[in-house]
Amino acid sequence: MLLLTLCLFPTIGYQPSAFAAPRVDDMVMVPAGEFTMGASAESGGLPDERPLRLIYLGAFWIDRHEVTNVAYQEFVQATGYQAPANSAPALTLWEHNAPLPGIEQHPVVNVSWLDAVAFCRWANKRLPTEAEWEKAARGTDGRTYPWGNEWSFENGNSASYWARQTVQFADSTEWDAFWVKGVGAAISKEKGLKGEILTLPVGSFPAGASPYGVLDMAGNAAEWVQDWYNPNDYRTATLTNPQGPERGAIKAMRGGSWLKPAISLRTTDRDWGTMDSRPSGTGFRCARDAY
């Protein structure tokens, strides 16, 4: 059920709090140990999040913030790599190999899985696995959201944040009713970059931090991870340092985005995309081995 009023929405004047620009090397160490991965049907877990499992991971480092436009610009300038681009050129947020003025600290979007891998390698890092991403997001107490078990649209950049009330999409018709014809479309036109894209500076939601102090793991940009996506992988995957399926056709994403309903901001929610797709709601963060 779509929990919103389509005929009325408040004027939102976002005022980002003052914070220092994130450093490229600002990483958080997640210690070795077990954590609960996935979600049961009783707790609202979707079929691809089951069964619930106890996973052991070695220690690893993960970026505190999503990779920003300014960090990605450094990569582009140093390597000659292609700049991020939307399949609809009018919605591309970069011009002349640089992000539009004012969005330097927003998460980079319109980057493919292949682009994310190229950046991580340049930075002497790698993409996190699905298991690493989930542990960094939820910790060892099995929390539903990075900040705890109670939902709040104030703690992450999602469709609910912009509507100022919880938004859920039961199907594509309700998605269109919000983002194409309704409240979301009006907000995007008024407040979105290029009249469309509603990213915000990384770190804008400190109350949404994970147990390890990792930010924006619920909303803002969805994030590419290393693994191939397989909805049935949890049934047979190893319980120690899982790396995902050996092969596949699509890559996994985590964390939801500014486009997503409340259910997609859960720490266990899984999404996917083709390796070469460059969505307006998808970016990434990097990881590194701790040994």
For every helix of n ≥ 4 consecutive DSSP H residues, a contribution of -39,500 (n - 2.57) applies; sum these over the chain, divide by its total residues, and give [θ] at 222 nm rounded to the nearest 500 deg cm²/dmol.
-5000 deg cm²/dmol
With a 1.4 Å probe and all protein chains left in place, how much of the accessible area of the chain comes from carbon and sulfur atoms, in whole percent?
53 percent
Order of 38-44, 165-171, 225-231, 71-77 by packing, highest average Cβ count within 10 Å first?
225-231, 71-77, 165-171, 38-44
Of the beta bridges DSSP finds with both residues in region 186-291, what % are antiparallel, to the nearest 5?
75 percent
Length added when fully stretched, L239-K181, from 0.36 nm per residue minus Cα-Cα:
16.4 nm
accessible surface per residue for region 74-211, probe 1.4 Å, DNA/RNA/ligands not counted, whole Å² -> 41 Å²
I need the phi-derived Karplus couplings for region 107-124: 6.51 cos²θ - 1.76 cosθ + 1.60, θ = phi - 60°, integer Hz, Gly and Pro marked x.
x, 5, 10, 6, 10, 7, 4, 5, 5, 4, 4, 4, 4, 4, 5, 4, 8, 6
Placing unit charges on C-beta atoms (Lys and Arg positive, Asp and Glu negative, everything else neutral), compute the dipole magnitude of the chain about its Cα centre in debye, rounded to 20.
80 debye
Mind checking region 115-205 for GluC sites (Glu not before Pro) that DSSP puts in a loop (not H, G, I, E or B) and that have at most 14 other Cβ atoms within 10 Å?
E150
Per-peptide average of other Cβ atoms within 10 Å, ordering 25-34, 202-211 highest first
202-211, 25-34
Test item: Cα-centred dipole of region 91-214, Lys/Arg +1 and Asp/Glu -1 on Cβ, debye
240 debye
How big is the shadow of the Cα convex hull of the chain, averaged over all directions, in nm²?
14.4 nm²
Where the Cα atoms of region 103-203 are projected onto their three principal axes, how long is each span, largest first, in whole Å?
43, 35, 26
What is the count of Lys pairs in the chain whose alpha carbons sit under 29 Å apart, if the two are 8 or more places apart or on different chains?
14
By DSSP, what percent of the beta bridges with both residues in the chain are antiparallel, rounded to the nearest 5?
85 percent
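The values are calculated or read from the model by the stated rules, or taken from the named source; none is laboratory data. Since we're looking at a predicted model, the values are computed, not measured. Neighbour counts are summed over all protein chains in view; Cβ atoms, including those assigned to glycine, are modelled from backbone coordinates with ideal geometry. These area figures cover heavy atoms from the full protein model, side chains too; ligands, DNA and RNA do not enter into them. Shrake-Rupley method; radii C 1.70, N 1.55, O 1.52, S 1.80 Å.
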